[in-house]
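Trainee: Sending over a structure as structure tokens; questions will come in a sec.
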Amino acid sequence: MNPLAGQLNEQMQAGNPHIYNMLSTLGKEIYFPKEGILSQSAEAANHAHKYNATIGIATEGGTPMHLDVIQDKLSSFQPKDLYPYAPPAGKPELRSVWRSKMIQDNPSLEGKAFGNPIVTNALTHGLSIVADLFVDEGDAVIYPDKNWENYDLTFGIRRHGVHISYPLFTEHMKFNADGLRQALLQQQDKGKAIVLLNFPNNPTGYTPGAEEGKAILAAIQDAAEAGINVVVVTDDAYFGLFFEDSLKESLFGHLCGLHPRILPIKVDGATKEEFVWGFRVGFITFASDDPGVLSALEQKTLGIIRATISSGAHPSQTFVLEALKSADYQAQKEVKFEILKGRANKVKSLLDSGKYGDVWQYYPFNSGYFMCLKLRTVSAEALRSHLLHNYGVGTIALGEHDLRIAFSCIEESYLEEMFDLIYQGILDLQQS
Ligand SMILES: Cc1ncc(COP(=O)(O)O)c(C=O)c1O
């Protein structure tokens, strides 16, 4: 074991041994080199007033060397905010602006002990950092039967975690907190579980209400009280797109400080919230009452980042930071929110109009980008393929009978025609 990793582990054991015990073997072994190139460069940046010959970039005329064919197109930004490496943890100002935004959007975070968000290469990367730090072969990774399929690769294939599934909905079409509780309590022998919570949910577009939120927290707390160490990840990819009377905050705020055996981790980012899917800017944030645990987790996260991508892209961090600081930001976001809400409402009114008979039910949706039809009479894959090849309509088949529809990418005025075509596709298949 590297002595620096050993020190971080001791710091965690002293601060909260349960959280230390949640670490994977890699999580225990990883550290961020204190005396390597990055820290010597950082020290030189403060003190090398004459010649700074440490940094691994090229400079010219006191600015990062660059090509006009690039800079001419990006001339609103200064070369220093585009070309040099961003720090492995991300641009400091972006981290603090995102932290303030988190508190503003989630008033339950006020006064809670949580770290500074660390910039990731968007949410997938944040999730894979969680998997690296906390998942070993055979560890239970608990998420519902309706989920984002990439979890299987990130937690299962890459880290050999075991997916423990539970039905997302009860028979009354509410969030199945009892299913979550049972999945958790089954892990008593292992003494550890990783829980993934994703609201608004991909693929259903569901976010629980306040009472369901309390039941989720109670289930997790019960598991902690039963002696299970629980890493709880809130995957807040679609945060903010709450169109109805659901929870409008991440459960991360309520998980902070809930129990010493619970480690809340918030994975969020600009991808969907700020409509910058290809920019690849996300964040990972840990919560703990112990500052030593928080700083050790940050160092270990930086170790994973340094070992994998070294640091995130600088231009996108600058673009997102400038947007967040702009006076027009809120107003522009509000306009886009209303457009998406209009589409969600339109879908609901079409589905509730009765014009499609009873060929499908739909899972409850109140948020996010998606909704899911539950087909009654035809298979989802048969319909998907039929719609694509006969009507030019693309949808996603999930399992035997679920069809996911991203209303986020269909203009409101076209939604009726699209659902009419989906309906027609079902009639065609029923006749054939
Ligand atoms: C639930 C969920 N989490 C995470 C992600 C990944 O987001 P990113 O593109 O920021 O990696 C997605 C993207 O589709 C998602 O649906």
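Nothing in this text is a laboratory measurement; each read-out follows from the coordinates by a stated rule. Everything numeric here is computed off the predicted structure, so don't read it as measured data. Backbone-built Cβ (ideal geometry, glycine too); neighbour counts: all protein chains shown.
Trainee: In nm, to one decimal, how far is the modelled label at residue 100 from the one at residue 327, with both set 7 Å along Cα→Cβ?
Mentor: 1.6
Trainee: Suppose every K and R has +1 on its Cβ and every D and E has -1 on its Cβ; what is the size of the dipole of the chain about the Cα centre, in Debye to the nearest 20?
Mentor: Using Cβ point charges on Lys, Arg, Asp and Glu, the chain gives about 600 debye.
Trainee: If each residue of separation counts as 0.36 nm, what is the full-extension length gain between residue 14 and residue 389 once their alpha-carbon separation is subtracted?
Mentor: Roughly 128.9 nm would be gained on extension.
Trainee: Please compute the contact order of the stretch 72-135 in relative form: average sequence separation of alpha-carbon pairs under 8 Å and at least six residues apart, divided by the residue count, as a percent.
Mentor: 33
Trainee: Let me ask something else about it. Report the Cα-based extents of the chain along its three principal axes, largest first, to the nearest Å.
Mentor: 80, 59, 37 Å, listed from the longest principal axis down.
Trainee: Then there is this: Using the beta-carbon distance between residue 108 and residue 152 and R0 = 25 Å, what value does 1/(1 + (r/R0)^6) give for FRET efficiency, to the nearest 0.05?
Mentor: So, using R0 = 25 Å, E works out to roughly 0.20.
Trainee: Given the -39500 (n - 2.57) contribution per DSSP H run of 4+ residues, what per-residue ellipticity at 222 nm results for the chain, rounded to the nearest 500 deg cm²/dmol?
Mentor: It lands at -12500 deg cm²/dmol.
Trainee: With labels modelled as points extended 7 Å from the Cα through the Cβ direction, what inter-label distance (nm, one decimal) is found for residue 42 paired with residue 377?
Mentor: It is 6.4 nm.
Trainee: Across bins of 5 angstrom width beginning at 0, how are the C-alpha pair distances of the stretch 48-176 distributed, in whole percent?
Mentor: 2, 8, 11, 11, 12, 15, 14, 9, 7, 6, 3, 2, 1, 0, 0
Trainee: In addition: Can you tell me the dipole magnitude for the stretch 341-432 around its Cα centre, using point charges on the Cβ only (Lys, Arg +1; Asp, Glu -1), in Debye to the nearest 20?
Mentor: 260
Trainee: Now, a different point. Can you pull the one-decimal nm distance between simple spin-label points at residue 355 and residue 53, each 7 Å off the Cα toward Cβ?
Mentor: Each label point lies 7 Å from its Cα, and together they span 7.5 nm.
Trainee: Also: Residues of the stretch 353-378 with amide nitrogen under 16 Å from the 7 Å Cα-to-Cβ point of residue 424?
Mentor: 356
Trainee: Next question, about the same structure. At a Förster distance of 45 Å, what's the computed FRET efficiency of residue 70 paired with residue 341, Cβ-Cβ distance as r, to 0.05?
Mentor: It comes to 0.75.
Trainee: I'd like to know which of 163, 119, 129 lies farthest towards the positive end of the charge dipole of the stretch 94-212, counting +1 on Cβ of Lys and Arg and -1 on Cβ of Asp and Glu.
Mentor: Of the options given, the answer is 119.
Trainee: Residue separation times 0.36 nm, minus the C-alpha to C-alpha distance between residue 173 and residue 431: what's the value?
Mentor: 89.8 nm
Trainee: Let me ask something additional. So if I take the centroid of the Cα atoms in the stretch 69-146 and the same for the stretch 249-320, what is the distance between those two points in Å?
Mentor: 5
Trainee: For the stretch 270-428, just say rounded, prolate or oblate: build the C-alpha gyration tensor, square-root its eigenvalues into a ≥ b ≥ c, call rounded for a/c under 1.5, and beyond that prolate if a/b exceeds b/c, oblate if not.
Mentor: Here the stretch 270-428 falls in the prolate category.
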